[in-house]
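Novice: Dropping a structure here in structure tokens format, bear with me for questions.
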Amino acid sequence: MARRIRVGTSWKMNKTRAEAAAWCDALLAAPRIDGVDLFVMPPFTALALVADRLRPAGVAVGAQDVHWEDAGAWTGAISALQAKDCGATMAEIGHSERRRWFGETDETVAAKTAAALRHGLTPLVCVGETAAERDAGAADAVLDRQARAALAAGPAGVALAYEPVWAIGVGAASADPAYARARIAELRETAARVGAAAPVLYGGSVDEATCAAFIADAGADGVFVGRAALDARRFHEIARLCAAAAAV
Ligand code: PEP
């Protein structure tokens, strides 16, 4: 039987509400794909709009971050409670851009993961080593530390995205599937050691040319796509290719 996989995207700080609506309409006009759970992480400004349009079609919608508190004097922050109120069922937590630019730490990732779980949101926790950590042979130790911190918040219900920092963004190339396979296997072992069975997705420069290998060769439970999915037709094509790879 074909594995059921997940294909999702974060739009990061992209798209006005009109652009978000057009993206949703394009996805909804495309043929349905069996065997894939789709999810989209729009910016907060489009969260309710995207949830209203996509959730009836079975596409999950998530926030790109949530605060660890439910309410209070935290200017600029959005809580898991508020994200859920806008229709989110998932929360992306600990993306390397947030770790790098917004001071995210393993401790805040753990607290945010706990907040997401408290409100019934599926946390998708991003973990990944930098190029320097990879070159120092420390990738698995970094992944183990980051994953343990997230899984300590609750061994059930957490999903992990393995996103090597050096593979993300313009000018980067995706990881070699064999390299990703080894890291994903290590993450599964870390999860097993704490009694968790977290699905592990791969993210980092995934596109139409590379996506199938992360399902077929790297053994990922799905892919998390950035810039290649800003066009809904490309997102759909990536999902179609991943489903085909999982069906083999
Ligand atoms: C990401 O940052 O999570 C990501 C996968 O981005 P990109 O695909 O653009 O490298």
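Novice: Nearest 5 percent is fine: what portion of the DSSP beta bridges confined to the chain is antiparallel?
Specialist: Expressed as a percentage, antiparallel bridges in the chain total about 0.
Novice: Another one. What percent do you get for the relative contact order of the chain when only Cα pairs under 8 Å and 6+ apart count?
Specialist: Computed value for the chain: 20 percent relative contact order.
Novice: Output the peptides 9-18, 90-99 sorted from most to least packed, where packing is the average of other Cβ atoms within 10 Å over each peptide's residues.
Specialist: Ranked from most to least packed, the peptides come out as 90-99, 9-18.
Novice: Kindly provide the helix-only [θ] at 222 nm of the chain, computed as the sum of -39,500 (n - 2.57) over DSSP H runs of four or more divided by all residues, to the nearest 500 deg cm²/dmol?
Specialist: So the calculated ellipticity at 222 nm is -12500 deg cm²/dmol.
Novice: In square angstrom, what is the accessible area per residue of segment 5-247 with a 1.4 angstrom probe?
Specialist: About 42 Å² of surface per residue is accessible.
Novice: Within segment 165-215, list the GluC sites (Glu not before Pro) lying in a DSSP loop whose Cβ has at most 16 other Cβ atoms in a 10 Å radius.
Specialist: E208
Novice: Let me ask another. Rg to Rh ratio, the chain, alpha-carbon atoms and Kirkwood radius?
Specialist: Rg/Rh: 0.94.
Novice: How large, in percent, is the carbon and sulfur part of the accessible surface of the chain at a probe radius of 1.4 Å?
Specialist: 55 percent
Novice: Could I ask something else about it? Please report the net charge: other residues with Cβ closer than 12 Å to the Cβ of E189, K and R +1, D and E -1.
Specialist: Cβ neighbours under 12 Å give a net charge of +1.
Novice: Here's a follow-up. For every other residue with a beta carbon closer than 12 angstrom to the beta carbon of A116, add +1 if it is Lys or Arg and -1 if Asp or Glu, then tell me the sum.
Specialist: 0
Novice: Would any residue of segment 75-96 have its amide N under 13 Å from a label point 7 Å out along Cα→Cβ of F44? List them or say none.
Specialist: Within reach of a label on F44: 75-86.
The values are calculated or read from the model by the stated rules, or taken from the named source; none is laboratory data. Computed from a predicted structure; not experimentally measured. Every residue, glycine as well, gets a Cβ built from its backbone with ideal geometry; the counts of neighbours run over all protein chains shown. Note: accessible area is taken over every heavy atom of the protein model, side chains too, but ligands, DNA and RNA are not part of it. Shrake-Rupley method; radii C 1.70, N 1.55, O 1.52, S 1.80 Å.
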